[in-house]
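Each remark here refers to the structure printed beneath this line.
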2 protein chains.
Amino acid sequence: MSESTEEPGPHEPSLDEQIAAYQREFRDLDPQVEQVVSALGRLNRRMNVAYGRQVAALGISNAEWEVLKTLVLAGAPYRLGPGELAKRLGLTPAAMTHRVDRMAGEGLVTRDRDENNRVRVIVELTDEGRTKWLEAMRMASDFEEDLLQDLSGDERGVLGELLVRLLRRVEHAQPDAGGRLTDLD
Amino acid sequence: MSESTEEPGPHEPSLDEQIAAYQREFRDLDPQVEQVVSALGRLNRRMNVAYGRQVAALGISNAEWEVLKTLVLAGAPYRLGPGELAKRLGLTPAAMTHRVDRMAGEGLVTRDRDENNRVRVIVELTDEGRTKWLEAMRMASDFEEDLLQDLSGDERGVLGELLVRLLRRVEHAQPDAGGRLTDLD
DNA sequence: CTCGAAGACTTTAGCACTAAACTTAGAAGG
DNA sequence: CCTTCTAAGTTTAGTGCTAAAGTCTTCGAG
C-alpha cells in the first residue's frame, strides 16, 4: 500500500485552516468574526471534555456535576425543585426526574415532598453531595488556572470584560427594530 | 397566595451573582479566572440554542448541520468516511452510521462503498446538502455579526487573539513536568 | 361545597447516543 | 494458497434525553 496515487488521508483542520476553508466556500465571511466564534466553539468543546474527565475521576458524571453546581449556587440550605433545576440546566422536567432518582440513589441529594405544598418536591444537597462539589470545584479551578496560565492579569481582565459584553448582548437581547437577537429565550 | 411568609421563588443568578456565590462557598476561587470561564460557558450555551433555532428553520437539526460543516471543511469533492466524521465530531462510529442513514434519506449526503477499498464507505455532500450548508452559513454569519456588534474592530482582534492563545494552550498541551493539561485528547 | 382548571411532577413511547460484540475486506507471513 | 491480523463499519443492548399523556394537589368560581 505504498502507491503514490494513494490518498494521503485527510487531517483535522487547524483553526486557521478552518477559517481559510470557510472563506473559500463563502466569500462574505468576516475572518475576524469567524476567528472569535470558531475559537469560542473549539475552546468550549475541549473544556467540556476536560471537565468530564476530571469529574469522572470523582465517580460522577458531567450531568451530575451540573446539578451539584446549581444547588450550591442556590445557596444554603441548597434546595431547589426538580422543575427549577430542569429550567436552569435547559432540560425537560422529565429528564430531571430520572437524574434526581439516580443522584438520590448515590446519596448526593435527597428528594422529599414539600410539607407546605404537597404538589412540590424539594431536592436538597446532602453533605456527601456538597463534598463532591467541593472536590470537583478544586479540580476545575486548578484546570482553569492552568488554562489561563499564559495570560497576564491585565489580559485576563480584558478577556473577561469582552466576554461579559458579548454575554450581555446575548442575554438581554431586546427587540430592536431589525435585530435578530430578539428570540434567544 | 399573597402570604408574606411565602417563598419569593428562587431566581436564576446573573453572572456576577454566580461568581459571588461561588466565592462564598469556595474561598480559593480567583474571581478573574472564574469570570472568564463562566462567561465562556454561558456564552456557548446561549449560542448553541440560537444556532439550533436558526437551522431548525431550514428543516435540519444542529447535529446535521455539524456534519454538513465538516464535509464542507474537507473541501471539494466534499467526501469523508463515517469514521473520520465521527472522530472530528467527537462521536462514536456507531452514532455516525445512524446519522448518515438519516441524512442520506433526506438527500443531504450520499453513502457509497469505496470501489478501491471495499471496506471503506464514502459519505459525500449532495448539491442539496451544499445548498443547506450555505443557507445555514448565511444565517449563522448574520447572527455572529450581531453578536459582535458592540465590539470595535480592535476589540474583536484582541478578543480573537486571546481566545486563540487559550485554544493553543488546550490543543497543544504538551507533557510539562507538573502540567495538568497533558491528557486532553 | 363541589366542580373545574391550573400547576408540578411523573410516566410512557420513541429517538440518539455509547460501549461492546460482530462482520467483512484487505494486508502480512508462512 | 491459507491462516491470522488489522481496519472500517454495522449491529445490539442499555442509558439518557424529549414530547406528550397522565396523576395528584391546590386554587378559584359558582
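The values are calculated or read from the model by the stated rules, or taken from the named source; none is laboratory data. Because the structure is a prediction, the values reported are computed rather than measured. FYI the Cβ positions are ideal-geometry reconstructions off the backbone, even for glycines, and counts take in every protein chain you see. All accessible areas refer to the heavy atoms of the entire protein, side chains included, with ligands and DNA or RNA removed. Shrake-Rupley method; radii C 1.70, N 1.55, O 1.52, S 1.80 Å.
Each Lys and Arg adds +1 at its Cβ and each Asp and Glu adds -1 at its Cβ; summed about the Cα centre, the range B:60-146 shows a dipole of about 500 debye. Looking at the square roots a ≥ b ≥ c of the eigenvalues of the Cα gyration tensor of the range B:14-57, which shape do they give, rounded for a/c under 1.5, prolate if a/b is larger than b/c, or oblate? Taking the square roots of the gyration eigenvalues as a ≥ b ≥ c, the range B:14-57 is prolate.
Only lysine pairs 8 or more places apart or on separate chains count here, and in the protein assembly as shown those with Cα atoms under 19 Å apart total 4. The relative contact order of the range A:81-126 comes to 34 percent, based on Cα pairs under 8 Å that sit 6 or more residues apart. Note on the protein assembly as shown: with charges restricted to the Cβ of Lys and Arg (+1) and Asp and Glu (-1), its dipole about the Cα centre is near 840 debye.
Think of chain A as a dipole: +1 on every Lys or Arg Cβ, -1 on every Asp or Glu Cβ, centred on the Cα centre; then among A:143, A:164, A:26, A:164 lies furthest on the positive end.
Length, then width, then depth: along the principal axes, the Cα atoms of the protein assembly as shown run 75, 55, 44 Å.
If you take the alpha carbon atoms of the range A:25-142 and fit the smallest convex hull around them, that volume is 149 Å³ per residue. By a 1.4 Å probe calculation restricted to protein chains, residue B:42 has an accessible surface near 40 Å², given to the nearest 10. Nearest 10 degrees is fine. How inclined is helix A:15-25 to the longest principal axis of chain A, computing both from alpha carbons? In chain A, helix A:15-25 runs at an angle near 70 degrees to the longest axis.
Taking all protein chains into account, the per residue accessible area for the range B:60-146 stands at 48 Å² (1.4 Å probe).
Surface burial for A against B, with a 1.4 Å probe and both sides summed, reaches about 7800 Å² of accessible area. Put a plus charge on the Cβ of each Lys and Arg, a minus charge on the Cβ of each Asp and Glu, and nothing anywhere else: the dipole of the range B:14-57 about its Cα centre is then about 340 debye. Considering only alpha-carbon pairs that sit under 8 angstrom and 6 or more positions apart, the relative contact order computed for chain B is 13 percent. Candidates A:50, A:61, A:36 compared by Cα position along the dipole of chain A: farthest toward the positive end lies A:61, with charges placed on Cβ. The gain in end-to-end length when the residue B:149 to residue B:134 segment is fully stretched comes to 3.2 nm, 0.36 nm per residue minus the alpha carbon separation. The heavy atoms of residue A:172 present about 110 square angstrom of accessible area, all protein chains included, probe 1.4 Å.
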